[in-house]
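The values are calculated or read from the model by the stated rules, or taken from the named source; none is laboratory data. If you're wondering where the values come from, they're calculated on a predicted model, not measured in any experiment. Neighbour counts run over all protein chains shown; Cβ positions are idealised from the backbone, glycine included.
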Amino acid sequence: MIDCHCHLLFGIDDGPETLDEAVSMARILFKHGFSTVHCTPHCISGLYENNPVIVRDRVTRLQQALDRAEITIRLRPGMEYYLDARFSEHLPDLQPLGESRLLLVEAPAWAGADVIVGNIRQIVARGFVPLIAHPERCHLIAAPGQGGLWAKTRSLFGRAEPKPAWDLLAQLQDLGCLFQGNLGSFAGRYGKIVEHHAVSMLEAGLYSCIGSDSHPLPGLDEMISAGLEAVCRLNSNHRQLLSASRLLS
């Protein structure tokens, strides 16, 4: 399996604080069958001031530690960009997932739909494909009654409706965005409402891939196990969603 969203690098965001802690997390990921992990620390101006040079250096150091520990996971650089008003500061030097054109981004609900869409347009204009992290956790995208997912779901049953102009999900789809669900959402890590949104999005065929979004939290092993079990039970296409190989090639 390929993890397209993971906070595995040490000392640069809310992931592990030390190299040893990062190695312990990697053991858990390897145990559950992940062979490639895209390391995606937060990139938030004023909070986590990461850049591609910092990320690639940490990836190299952690990869060396994993090789010494005989943990056969291949690490790839990436970042999780925050689509706020200061995102444009990072546009001159963006770090996609590995060698792909996928750019992992997070849509902060407080930023507003106009800010999010404006940032997405800039990403697309530079030739990248935005991959929206855990849309089930963003009420602007996942909230019932705002069209988007719900209109898409209705269309599956022959009751298609026009997309409202204010529908953020519809705008993101029209701009070519892809969407990544969290294993933790299916495991109930973020509460029942988010779990319900994740299941609905999976059933509607919204997700292009599923990622772990792993952090060094208590119960990480159990969360990954429960999330994998739920995704495999709910979707017959789970192998493709968990490998993401067609997206990252």
Does at least one position in segment 88-109 carry a residue that is over 21 Å from residue 142 (Cβ atoms), small (Gly, Ala, Ser) and loosely packed, with under 14 Cβ neighbours inside 10 Å?
-> yes
All-but-one check, residue 37 against (1) within 18 Å of residue 96 (Cα to Cα); (2) in contact with a Pro (Cβ under 7 Å, 6 or more places away or on another chain); (3) hydrophobic (A, V, I, L, M, F, W, C), failing number (2)
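Assess whether residue 159 counts as being modelled with pLDDT of 65 or more, charged (D, E, K, R) and not in a helix (DSSP H, G or I). Please lay out each step first, then the result.
Details: modelled with pLDDT of 65 or more: no; charged (D, E, K, R): yes; not in a helix (DSSP H, G or I): yes.
So residue 159 does not fit the description; no.
Which residue, of 173, 146, is modelled with pLDDT of 95 or more and either more than 30 Å from residue 19 (Cα to Cα) or in contact with a Phe, Trp or Tyr (Cβ under 8 Å, 6 or more places away or on another chain) (or both)? Walk me through it before giving the result.
Values: 146 fails: modelled with pLDDT of 95 or more.
Only one candidate qualifies: 173.
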All positions within segment 92-119 that are in contact with a helix residue (DSSP H, G or I) (Cβ under 7 Å, 6 or more places away or on another chain) and within 15 Å of residue 49 (Cβ to Cβ) = 93, 95
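Considering 243, 214, 185, which residue is surrounded by 13 or more Cβ atoms within 10 Å (Cβ to Cβ) and modelled with pLDDT under 95?
On the way: 214 fails: modelled with pLDDT under 95; 185 fails: modelled with pLDDT under 95.
Within the list 243, 214, 185, the selection yields 243.
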Please determine, by comparing only the residues of segment 50-83 that are of a type in the set (Ser, Thr, Tyr) and surrounded by fewer than 15 Cβ atoms within 10 Å (Cβ to Cβ), which one is nearest to residue 35 (Cα to Cα).
-> 72
Determine whether segment 21-43 contains at least one residue that is surrounded by 18 or more Cβ atoms within 10 Å (Cβ to Cβ), among the charged types (D, E, K, R) and either closer than 19 Å to residue 227 by Cβ or touching a strand residue (DSSP E or B) at 6+ places or on another chain (Cβ under 7 Å) (or both).
-> no
